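To start, the structure under review is shown below, and the notes come after it.
Bear in mind that the values in this text are calculations on the coordinates, not laboratory data. A quick note: this is a predicted structure, and the numbers were derived from the prediction, not measured. Glycine gets a Cβ as well: all are built from the backbone with ideal geometry, and neighbour counts include every protein chain shown.
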Amino acid sequence: MQIILKKPNKSTKKKKIVGRGTSSGMGSTCGRGDNGQKSRSGYSKRFGFEGGQMPLVRRLPKKGFTSRKNVNEMIINLDYLEKAFNDGEKVNLNYFKTKYSKNIESIKILSVGKITKKLVIESENIKFSKNALEMLKKSGCIIEEKKEVTKKEEK
C-alpha cells in the first residue's frame, strides 16, 4: 500500500506579483492605495510618528523618578547575619565583595528578623537602620567605627 502525502488546502499562499498591468489586480497602485505619503516608494515612518500631531508619548505626563544614588548598595537583613556568621566573627565589606560581587560599594543592614549572636561589625561603608542598630547593640554586637586619618592628625 502506498501513502501519498498531500498539503492541506490553503496551507501555502501565492506570492503577490505586483505591477503587471491593471487586470492583474495589483497593477497601477500596486496594492498601496491612492496617493499620499504611504503610497510612495522609500516611505518609512519612525516609531510613534502621528503625522505631525504631538505624539502620545510626548502628550502624556512623565511619572515617577528613579534615583541613581547608591546603585551598588547591598541590602541585608538581621536574620541573614544570624544564619551566615558564627559568634564573634567579623562582618565587613570585603566578605560580601568576595562572596557576591566586586562592585558592592556599601551595605545597609535592616531590622528584619532577630539576631542573638555577638558579632564584630566594621562599620566602614556599612549603614544601619535605627531599629537594626538598636537590635544589634541589645544582642551584644560590637560596632567598630573606623576613623579616617587626615593629614593634620598624622603630624
I want to verify the translational diffusion coefficient of the stretch 2-45 in µm²/s; compute it with Stokes-Einstein, Rh as the Kirkwood radius over Cα pairs, at 25 °C and 0.890 mPa s. 182
Identify which of Glu145, Glu122, Glu50 has the largest mean-square fluctuation in a Gaussian network model of the chain, with springs joining Cα atoms closer than 10 Å. Glu50
May I ask you to sort Ser106, Ser23 by Cβ crowding, counting other Cβ atoms within 10 Å and putting the fewest first? Ser23, Ser106
Leu56 to Lys118: FRET efficiency via 1/(1 + (r/R0)^6), r the Cβ-Cβ distance, R0 41 Å, to the nearest 0.05? 0.10
Rounded to the nearest 0.05, what FRET efficiency do Asn131 and Asn103 give with R0 = 41 Å and r taken as the Cβ-Cβ distance? Could you check? 0.90
Cα-centred dipole magnitude for the chain, charges only on beta-carbon of K, R (+1) and D, E (-1), debye, nearest 20: 1720
Please compute the contact order of the chain in relative form: average sequence separation of alpha-carbon pairs under 8 Å and at least six residues apart, divided by the residue count, as a percent. 15
Distance between the C-alpha centers of the stretch 110-149 and the stretch 55-105? Whole Å please. 17
Pick out, from Tyr95, Thr116, Asn9, the residue whose Cα sits farthest towards the positive end of the charge dipole of the chain, with +1 on the Cβ of Lys and Arg and -1 on the Cβ of Asp and Glu. Asn9
Along each of its three principal axes, how wide is the spread of alpha-carbon positions in the chain, in whole angstrom units, largest first? 95, 65, 32
Rg over Rh, two decimals, the stretch 17-105 (C-alpha only, Kirkwood Rh): 1.51
Can you list the residues, at least 5 places off or on another chain, whose amide H is less than 5 Å from the amide H of Phe128, using H built in the peptide plane? Ile109
Projected onto the charge dipole of the chain (unit charges on the beta-carbon of Lys, Arg, Asp and Glu, signs +1, +1, -1, -1), the Cα from Cys30, Ala132, Asn77 with the largest positive-side position is that of Cys30
